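Contents: one structure, followed by commentary.
Read the figures in this text as sums done on the coordinates, not as results from a lab. Keep in mind the model is a prediction, meaning the values are calculated, not measured. Cβ placement follows ideal geometry from the backbone for every residue including glycine, while neighbour counts extend to all protein chains displayed.
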Amino acid sequence: MDSTLEKIYSITPEQAAQYNDMVMLGSGGHGICFEKGKGVRLWDINGKSYLDCTSQGWAMYLGHANEEIRQTVYEHMGNLGHLNQNSDHLARYALAKRLTELAPEGMNRVLFAIGGSSAIEAAMKIAVKNVPGARHFISLQDGYHGSSLTTGAASWLSTKSAGMFTGFNSFLSILNDVFIRVPNPFMYRWDGSDNPEDCIDFCLKVTRDTILRSTSGPVAGIIVEPLQASGGQIPLPKRYLQGLRKICDAFGCLLIFDELQTYCRIGEYFAANKYEVKPDIICLGKALGAGLPMAAILIRDGLEGFGPLGEEVHTFANNSIAQVAALKQLDIIERDNILENVNTQGDYMGARLKALQQQFPQIGDVRQVGLHIGIEFVTNPLTKEPDLEFAQTVKAIALHMGLILGEAGYRMNVLKIKPPLIITREECDEVMNIFTAAVAAASQKLGR
Ligand SMILES: Cc1ncc(COP(=O)(O)O)c(C=O)c1O
């Protein structure tokens with residue numbers, strides 16, 4: 001073994017525990033210390049194995065330690081690694097071409113970025129350039145677009161609802177008033193009529209009114225996740241998204257799709273195509289680089305892009321290794337029909353969860369599109385009071401049983417099942433069996 005790796009791997013669990021304080025985190029606490037992974041599984045330094053239904057920040061579509069990505073990256077790194085923004089490489093051209101081919105027609109320019117928040121900010125800059133005099137953006141309740149100073153101001157983190165995620169309050173004093181939030185069509189928690197169409201109409205009407213009467217000057221853009229992930233796994237209806245397009249056209253502002261989490265995970269490359277909406281800008285990140293850090297924006301023809309005078313400059317915005325990995329990942333997704341797997345396994349787990357809901361009224365709602373799955377826990381299915389304790393108990397028991405689940409929203413009563421997209425039927429059964437056992441055990445433990 002390489003001598004540096006040897007030194008790393010010889011750190012004992014006791015030493016690792018002592019080193020904890022040297023590593024500062026920006027959120028949460030230190031979790032499990034992992035040693036290795038393969039596919040959907042991870043192993044910790046004590047040898048315990050886990051099924052990973054978080055894909056580590058939803059970023060590992062092909063699972064852990066994918067051998068083909070490794071070989072391609074290894075071969076490429078013998079030639080090149082990091083390149084400055086103005087240096088070119090064929091991988092950048094090839095990835096730009098591939099993404100524009102997959103995206104809705106007429107989105108033919110790609111800017112690569114270092115991460116999600118920075119891609120969102122780049123999209124915002126493009127919108128401001130194209131809507132002269134604009135000072136505002138519209139974002140949605142329960143939306144999440146990052147935690148940089150600007151994108152955090154667009155996200156649920158900076159609202160009073162943030163619950164246990166109040167950390168963003170530390171920065172409220174210098175946050176700008178760029179973002180104005182509008183209601184999201186969250187059908188399960190809509191307290192209007194029983195007709196979901198009314199909810200869509202209401203949300204669109206408020207958005208229209210807000211642009212007309214609640215902003216000082218023009219709005220640069222509406223920024224939206226087609227499926228609100230971090231805010232609670234809330235799929236937004238097609239008619240609503242199409243309605244946003246019409247509003248943007250009416251008011252001359254840009255529609256920005258934040259597709260960081262929907263890219264491929266909803267069973268299509270782009271939500272824009274699935275929901276038949278043509279946004280002006282699409283933002284990508286997370287799993288785009290097959291686990292290597294990278295992000296991107298695609299902009300539609302006719303928009304003014306960035307010029308040569310230093311509008312958007314980042315040292316690591318042109319990493320040829322991540323670009324090669326992104327292309328290899330797309331080759332594998334296509335070759336192995338992985339999007340089909342996303343739909344098949346997602347629907348299968350969705351159906352099993354719906355069946356489980358019949359047994360356990362603590363499961364208030366199951367929301368599933370592809371392998372984007374959220375399970376909302378409530379104290380009573382009629383009152384829909386969020387049950388944080390039940391959700392967290394299920395999560396802890398599942399972890400003990402070797403299943404890593406995510407959690408969502410300021411209420412934190414939504415658990416997420418978002419495994420790597422390569423998950424097999426057998427692995428789905430394992431996930432579902434552990435989840436079912438954890439729900440039953442939580443029900444017994446809490447006596448409800
Ligand atoms: C939908 C969405 N947009 C933007 C971001 C921000 O990306 P990053 O954490 O890479 O800055 C995230 C991260 O969770 C996200 O889920």
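Computed about its Cα centre, the charge dipole of the stretch 70-335 is approximately 140 debye, with only Lys, Arg, Asp and Glu carrying charge at their Cβ. Over the residues of the chain, the helix contribution to mean residue ellipticity at 222 nm works out to -12000 deg cm²/dmol, using -39500 (n - 2.57) for each DSSP H run of at least 4. Of the residues 211, 297, 263, the one whose Cα sits farthest towards the positive end of the charge dipole of the stretch 170-329 is 263 (charges of +1 on Lys and Arg Cβ, -1 on Asp and Glu Cβ, taken about the Cα centre).
What is the packing order of peptides 296-305, 185-194, taking the mean over residues of other C-beta atoms within 10 Å and listing the highest first? Could you put the intermediate results ahead of the total?
On the way: 296-305: 17.7, 185-194: 14.2.
Taking the mean over residues of other Cβ atoms within 10 Å, the ranking is 296-305, 185-194.
Proximity of backbone amide H atoms, modeled 1.01 Å from N, is registered between residue 36 and 43 at under 5 Å, excluding neighbours fewer than 5 places apart on the same chain. Put simply, the amide H of residue 296, placed in the peptide plane, has neighbours under 5 Å in 113, 284, 285, leaving out anything fewer than 5 places away on its chain. Taking the fewest neighbouring Cβ atoms within 10 Å as the starting point, the ordered list for 24, 401, 349, 60 is 24, 401, 349, 60. Each Lys and Arg Cβ is given +1 and each Asp and Glu Cβ -1; about its Cα centre, the stretch 309-448 then shows a dipole of about 480 debye. Across the stretch 153-167, coupling constants 3J(HN,Hα) worked out from phi with the 6.51/-1.76/1.60 Karplus curve, θ = phi - 60°, read 5, 8, 9, 4, 4, 8, 9, 5, 6, 4, x, 7, 9, 7, x Hz, and Gly and Pro carry x. Between residue 12 and residue 166, the modelled label-to-label distance comes to 4.1 nm, taking each label 7 Å out from Cα in the direction of the beta carbon. Summarising the label geometry, the points placed 7 Å from Cα in the beta-carbon direction at residue 315 and residue 85 lie 1.4 nm from one another. Here the chain is assigned +1 on the Cβ of each Lys and Arg and -1 on the Cβ of each Asp and Glu. Its dipole about the Cα centre then comes out at about 580 debye. Qualifying GluC sites (Glu not before Pro) in the stretch 247-300, where qualification requires a DSSP coil assignment and no more than 10 other C-beta atoms within 10 Å, are lacking entirely. Residues of the stretch 161-192 with the amide nitrogen closer than 11 Å to a label point 7 Å from the Cα of residue 201, along Cα-to-Cβ, please. It comes to no residues whatsoever. Of the residues 103, 398, 94, the one that moves most in a GNM of the chain with alpha-carbon contacts below 10 Å is 94. With the charge dipole of the chain set up from +1 on Lys and Arg Cβ and -1 on Asp and Glu Cβ about the Cα centre, the Cα lying farthest toward the positive end among the listed residues 333, 363, 104 is that of 363.
Neighbours of residue 331, meaning other residues whose beta-carbon lies under 12 angstrom from its beta-carbon, give a summed charge of 0 when Lys and Arg score +1 and Asp and Glu score -1. Along the Cα→Cβ direction, 7 angstrom out, place labels at residue 65 and residue 250. What is the inter-label distance in nm? That separation, rounded to one decimal, is 5.6 nm.
Express as a percent, rounded to the nearest 5, the fraction of DSSP beta bridges in the chain (both residues included) that run antiparallel. Please report the intermediate quantities before stating the final value.
Values: 34 of 50 bridges.
Taking every DSSP beta bridge with both residues in the chain, the antiparallel ones total about 70 percent.
If you stretched the chain out fully between residue 436 and residue 35, how much longer would it get, using 0.36 nm times the residue separation minus the C-alpha to C-alpha distance? Provide the component values of the computation, followed by the final result.
Values: separation 401, 0.36 × 401 = 144.36 nm, distance 2.75 nm.
Result for the pair: 141.6 nm of gain on full extension.
Shape call for the chain from the C-alpha gyration tensor, a ≥ b ≥ c root eigenvalues: rounded (a/c under 1.5), prolate (a/b greater than b/c) or oblate? Note, shape of the chain comes out oblate.
Cα-Cα over 19 Å: which of 97/246; 238/278; 48/354? Intermediate results must be reported in sequence, preceding the final value.
Details: 97/246 28 Å; 238/278 12 Å; 48/354 30 Å.
Among 97/246; 238/278; 48/354, the Cα-Cα distance tops 19 Å for 97/246; 48/354.
Arranged by the count of other C-beta atoms within 10 angstrom, fewest first, what order do 137, 316 take?
Working: 137 27, 316 17.
Ranked by crowding around the Cβ, least crowded first: 316, 137.
To check you understand DSSP bridge types, tell me what percent of the beta bridges within the stretch 137-266 (both residues inside) are antiparallel, rounded to 5. Could the numbers behind the result be given before it?
On the way: 2 of 12 bridges.
That works out to approximately 15 percent antiparallel.
Among 385, 67, 225, the order by Cβ neighbours within 10 angstrom, fewest to most, reads 67, 385, 225. Ordering 442, 58, 126 by the projection of their Cα atoms onto the charge dipole of the chain, which places +1 on the Cβ of Lys and Arg and -1 on the Cβ of Asp and Glu, puts 126 at the extreme positive end.
Annotation: for a label point projected 7 angstrom from Cα along Cα→Cβ of residue 448, residues of the stretch 346-388 with backbone N closer than 11 Å are 362, 378-381, 384-388.
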